């Protein structure tokens, strides 16, 4: 057996680099998963506790379940389209994934910008109506963060798809790695939608 | 344990850094861009004097400034050049990567975004020593103030801030004390890798952490963190502007920890040398990997707690305000779901270092490698099921106190395995009593006391009495300082020759060891007595009945302080003028001792192939 001792940074075989990168992303997904799980725990913990009957206070607003699903749908579309593109080794789907991320980010941003939960006290101070509203906004913020990261990845894959200089094998592995991320954020989006649907 | 094989010669590209932006960026540019970002964010969001939401808006401006500092610094030092180049499809060239690795840049590379894992390891080492020095100085101030009843060395108004800053500084330092310097410098060499799995992320983990240091320091100028390091809500929601520094520090640190944990885990899983099967992996690598792998899912819960605290402070959400449906219990859950595993994130690498050292200095194989791995895995697994023992007296679901008491006490079983392995290894051996080996005996004693006193605290009736007392403070110092830090110092003595090329001054090391260990017993055994008699923690003034215990504790603290000053002197002096170290001064069998100092950029000229376990002492190989 022999080993290559040439200067190696990113000179490992593309499959080796690709597998390593996918492992790294999956480990980061574990961390992100713990964050999402903690948010869902917070939601149901405060919902179950309903301290002072203020989970949704009297006269407080709630949003329909469809709001959460509207925000989650682009995640699911992006994950499916990206998976199809990866399976067919095609870069043509990267544009659709990018579009889905941008549309999703807009929907989530719009929902956050127009949420009806903020009230004012006698001193003119803003405050959130109750624990449901507080949880909703943080879950929405997490979705928005996922859309931003997804947009960055989708934009990168889209641009790189048009460049001839990339290593096709490594690029395919990066598609697979990105697939792990898009699948995870779709799962996360669906979990958040289910959560906020249970008021 | 190894054979070395090579077939080809080096053919490195020559760095051609001229005109590249990468060559112009360093800590200075990072600081300038970071400050511009911070000032810009603050002035964009600062509140008007008559703003009805002044408190929230001020928190928003400060938090934005702190986080912008971090992002700006990273932009200014060049951390995002790689991702940006990936985005636009112009990947970094081999020359640029070689430049980033710091090849031929001498001492300058320590102040740049350098991807060489050995540079990152040294950056962590220096950073950790600085943090421990600052945190230790705060401890000395606390103990000086507690030397006599009614001592006013520290004003009562800032006492809890000092305790809180000491706590968070030490916790952050202890989390990285072993996995930072040794996990980055030594571990890749130990497993036969040429680098970490993600060199740029490796540098990122250090520099992200670095940006948290001035943020945490800024708490002093913003009124401190009067909540202590646990930052319980709703106290932390109501606290002054200094609390923003705590929140931003944790958010930044959580990112650094996740990136570092992912990188170390991926390196160990994917980059071990040929022939290094799992049962041939050095035990330090196993312990360090379990530690960081445990941190990956644990820290995000604390991060969420900080996000929720921030939104309560900035947007008036109601996570922790019972008036609007929130609960302080939620914070306690999120904090301790991270908080207890974090104890083992700190502890496991320290114990693993001693398991690495002991066979070398006893010249015997590690006693029951499998039991050691089982012990680490058992502790890591159980540690996520015990968090509510910190909440026995909070009133949260008393019926669950029993189950949490059982899971907590079950941790004694895998912990016992670790003792068994250490004692079994040293049993009937003839220890070579060099400085690193002393740490093993100290930890057996300290960890025994820390562990047994922990059983009392896990017991619900006993905890009802001891909770919030100095007894608790003494207990966790016995585990974190007495075991984990002692293990890390032993690791420093052991790997110092490989990391610096020089031997650590043995005489100064012995003096330091005995001052620290004797002082430590005086300090914390005195505290145990005061705590068992009822002296509460986090209280600046205590009753006269505790005066002798506290006087004794403070005397012990001064001994510990002197010991650590001697160690610091020994490290600095030896690093500059110490005896030149041979390649393998301890006659150890792990891979890091097969490479010369300075360690080549890619560690091995010839890729190692592993043919036996790393602890084959006395087996004729």
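Readers should treat all values here as calculations from the given coordinates under stated rules, not as data from a laboratory. Treat the numbers as computed from the prediction; the structure is a model and nothing was measured. Don't worry about glycine lacking a Cβ; one is built from the backbone with ideal geometry, like all the others, and counts go over all protein chains shown.
Observations on the structure shown:
- Peptides B:166-178, B:276-288 ranked from most to least packed, by the mean per-residue count of other Cβ atoms within 10 Å: B:166-178, B:276-288.
- Here the contact order of the stretch B:450-588, divided by its residue count and restricted to Cα pairs under 8 Å and six or more residues apart, works out to 34 percent.
- Between the stretch B:559-608 and the stretch B:324-399, the Cα center-to-center distance that results, in Å: 30 Å
- Neighbour counts of other Cβ atoms within 10 Å put A:181, B:586 in the fewest-to-most order B:586, A:181.
- Packing-based ranking of B:364-371, B:241-248 yields B:241-248, B:364-371, ordered from highest to lowest mean Cβ neighbour count within 10 Å.
- Shielding score for B:311-322, defined as the mean number of other chain Cβ atoms within 10 Å: 6
- Over the stretch B:239-372, the ratio between the Cα radius of gyration and 2.2 N^0.38 Å evaluates to 1.39.
- Förster radius 30 Å - calculated FRET efficiency between residue A:166 and residue B:20, Cβ distance, rounded to 0.05: 0.90
- Tensor-based shape of the stretch B:78-228 (alpha-carbon gyration tensor, a/c under 1.5 rounded, otherwise prolate or oblate): prolate
- Between residue A:102 and residue B:57, the C-beta separation translates, for a Förster distance of 51 Å, into a calculated FRET efficiency of about 0.95.
- Average other protein chain Cβ within 10 Å of Cβ, residues A:112-121: 1
- Sequence of B:185, B:392 once ranked by neighbouring C-beta atoms within 10 Å, starting from the fewest: B:392, B:185
- Mean separation of Cα pairs under 8 Å and 6 or more residues apart, divided by the residue count, gives chain B a relative contact order of 17 percent.
- Inter-label distance, nm, simple model (7 Å from Cα along the C-beta direction), residue A:50/residue B:606: 7.4 nm
- Neighbouring Cβ atoms from other chains, within 10 Å of the Cβ of residues in B:96-105, number 1 on average.
- The alpha-carbon positions of the stretch B:374-437 define a convex hull whose volume is 108 Å³ per residue.
- Coordinate range of the alpha-carbon atoms in the stretch B:351-490 per principal axis, descending: 52, 30, 21 Å.
- Degrees, to the nearest 10: A:14-49 long Cα axis against longest axis of chain A: 10 degrees
- Considering only alpha-carbon pairs that sit under 8 angstrom and 6 or more positions apart, the relative contact order computed for the stretch B:20-109 is 36 percent.
- Span from the the stretch A:72-119 Cα centroid across to the the stretch B:246-295 one, whole angstrom: 32 Å
- Average projected area [Cα convex hull, the stretch B:114-610], square nanometres: 21.9 nm²
- q = 0.11, 0.14 Å⁻¹: log10 I(q)/I(0) that the Debye formula gives for the stretch B:456-568, counting C-alpha atoms only: -0.44, -0.64
- Size descriptor, Kirkwood hydrodynamic radius, that averages inverse alpha-carbon separations across the stretch A:15-74, Å: 14.9 Å
- Here the stretch B:54-71 is scanned for amide nitrogen atoms under 14 Å from the site 7 Å beyond the Cα of residue A:120 along Cα-to-Cβ, giving B:54.
- Ordering B:321, B:50 from the fewest to the most neighbouring beta carbons within 10 Å gives B:50, B:321.
- Rg/Rh (Cα only; Kirkwood hydrodynamic radius) as it applies to chain A: 1.11
- Annotation for the stretch B:436-498 versus the stretch B:31-58: alpha-carbon center distance of 43 Å.
- For the stretch B:20-109: rounded, prolate or oblate by the Cα gyration tensor [a/c cutoff 1.5]: prolate
- Site pair residue B:597 and residue B:49 shows an inter-label distance of 6.1 nm when each label is modelled 7 Å from Cα along Cα→Cβ.
- Zone of residue B:393's modelled label, taken as backbone nitrogen in the stretch B:326-354 under 15 Å from a point 7 Å along Cα→Cβ: none
- Shape analysis of the protein assembly as shown places it in the oblate category; the axes a ≥ b ≥ c from the Cα gyration tensor give an a/c of at least 1.5, with a/b not above b/c.
- Förster radius 25 Å - calculated FRET efficiency between residue B:445 and residue B:363 (Cβ-Cβ, nearest 0.05): 0.65
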